[in-house]
Amino acid sequence: MIYLDYQATTPLAPEAREAMLRWLEGPGAGDGFANPSSTHKAGRAAAAAVEVARDQVAALLPKGGRVFFTSGATEALNWALLRGAEAKPGGVAGLSIEHAASLQCLERLNAHILSVDSKGLALPPDDASIPENGIVATMLVNNEVGTIQPVADFAAAAHAKNSLLLCDAVQGYGRVAIPEGADLIAISAHKIHGPKGIGALWVRDGVDLPPLMFGGAQEQGMRSGTVSPALCAGFGAAAALAAERFEADAEHVERLWSLALDMLPEWTINGDANHRYHGNLNVRREGVNGLRLMSDAREIAFSLGSACGSGSGKVSHVLRAMGVSETDARASIRLGWGRYTSEQDLRDGLDAIKAAARLQGVN
């Protein structure tokens with residue numbers, strides 16, 4: 001299988017796997033299984049590993065904030081919006097192209113939904129649409145079309161009205177610079193070659209966010225429940241590697257982007273071609289049935305959009321928000337690549353996709 005679905009998840013980095021192993025050991029193999037809340041030597045060692053990981057994760061985020069580990073970005077986004085709305089009751093607003101983890105919270109909170117243009121970029125913030133003493137949700141990199149949103153502009157608009165800015169940075173963390181100005185930032189380990197099942201919410205110092213869960217006072221009293229040193233260590237190692245390889249990974253992604261554009265000249269790009277992360281290519285072709293294309297090119301792992309919405313039969317809410325017709329949306333596919341994608345893999349994968357399109361009568 002050739003894997004071209006890096007927006008859904010990324011391969012686990014060998015360094016992250018190695019960092020996790022000690023904390024998965026059982027009796028007779030070491031003391032890595034200890035509970036980090038225990039006060040004995042083994043527990044203190046586990047707690048220290050969690051704090052090292054916290055620092056590694058925080059190194060890719062703005063200064064002046066705290067990292068709280070969660071089960072993933074979905075939990076972090078739900079925490080920020082649902083609990084945040086209790087602390088900031090003035091109202092909520094968010095982009096129409098937010099991930100479902102945010103969008104469904106926004107709908108539940110009767111939020112004002114902010115529009116995007118045909119290129120998948122947020123329209124400039126309008127003072128009338130920004131709540132007073134509330135929360136504004138603006139993602140950094142869209143998970144379906146890769147467009148990079150003007151987070152700093154929305155942060156300034158939110159702050160002018162005493163509101164908080166929540167940034168879903170899942171697709172941007174470790175890949176693009178995190179802009180200043182956000183008050184809450186949600187991230188996930190498995191998008192940067194870390195393990196699944198762990199993410200984090202970054203909270204700016206001075207932001208009074210209510211705790212997510214009660215029961216054991218873990219995570220500085222903000223999220224009760226036993227912390228996994230293994231997952232934290234894997235996340236931390238992946239973050240440290242992302243920081244170390246930031247430039248090299250970016251250069252590799254750009255080479256693959258250029259290669260893909262050269263090989264798909266007849267396909268139309270969904271979303272702005274410049275203001276986007278170039279490890280995400282969402283394209284469409286007249287006459288193509290995306291679902292059938294996946295079946296005919298089953299040895300290539302790619303998607304029709306968000307993995308969270310696959311199988312629902314629904315047309316991408318992101319493409320529809322951009323004004324893409326239902327027909328064109330169903331003719332669209334999302335390709336994603338990164339650190340472990342070779343140029344040859346991308347060539348072979350795109351050749352297979354083009355061959356599958358020819359089976360549908362598309363040359």
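The values are calculated or read from the model by the stated rules, or taken from the named source; none is laboratory data. This structure is a prediction, so every number in the text was calculated from the model and none was measured. Don't worry about glycine lacking a Cβ; one is built from the backbone with ideal geometry, like all the others, and counts go over all protein chains shown. Ligands, DNA and RNA are excluded from the accessible area calculation, which covers all protein heavy atoms including side chains. Shrake-Rupley method; radii C 1.70, N 1.55, O 1.52, S 1.80 Å.
Here residue 233 clears all of (1) modelled with pLDDT of 95 or more; (2) assigned to a loop (DSSP other than H, G, I, E, B) except the condition numbered (2).
Of the residues 100, 85, the single one that is within 18 Å of residue 168 (Cβ to Cβ), aliphatic (A, V, I, L, M) and open to solvent by 30 Å² or more (accessible area, probe 1.4 Å) is 100. One residue alone among 113, 130 is in contact with an Asp or Glu (Cβ under 9 Å, 6 or more places away or on another chain), at negative phi and modelled with pLDDT of 95 or more, and that residue is 113. For the range 1-57, the candidate set comprises residues that are open to solvent by 50 Å² or more (accessible area, probe 1.4 Å) and of a type in the set (Asp, Glu); within that set, the residue that is farthest from residue 345 (Cα to Cα) is 31.
Contact map, the range 1-27: residues that are under 30 Å from residue 147 (Cα atoms) paired with residues that are of a type in the set (Asp, Glu), Cβ distance under 7 Å, separation 6+ or inter-chain. Pairs shown: 1/299; 2/299; 2/345; 2/348. How about the range 40-57: which of its residues are among the basic types (Lys, Arg) and either assigned to a loop (DSSP other than H, G, I, E, B) or more than 31 Å from the chain's Cα centre (by Cα) (or both)? Within the range 40-57, 41, 44 meet the criteria. Take the conditions (1) open to solvent by 50 Å² or more (accessible area, probe 1.4 Å); (2) basic (Lys, Arg); (3) touching a residue at least 12 places away in the same chain (Cβ under 8 Å); residue 276 misses just one of them, which is (1).
Does residue 58 count as more than 20 Å from residue 238 (Cβ to Cβ), hydrophobic (A, V, I, L, M, F, W, C) and out of contact with any Cys (no Cβ under 7 Å at 6 or more places or on another chain)? The answer is no for residue 58. All conditions in (1) within 19 Å of the chain's Cα centre (by Cα); (2) open to solvent by less than 30 Å² (accessible area, probe 1.4 Å); (3) farther than 18 Å from residue 207 by Cβ hold for residue 177, with the sole exception of (2).
Looking at the range 237-337, the helices (runs of 4 or more DSSP H) lying wholly inside it that each contain 3 or more residues that are under 21 Å from residue 149 (Cα atoms) sit at 246-263, 317-321.
Being modelled with pLDDT under 95 and open to solvent by less than 50 Å² (accessible area, probe 1.4 Å) holds for only one residue in 316, 312, and it is 316.
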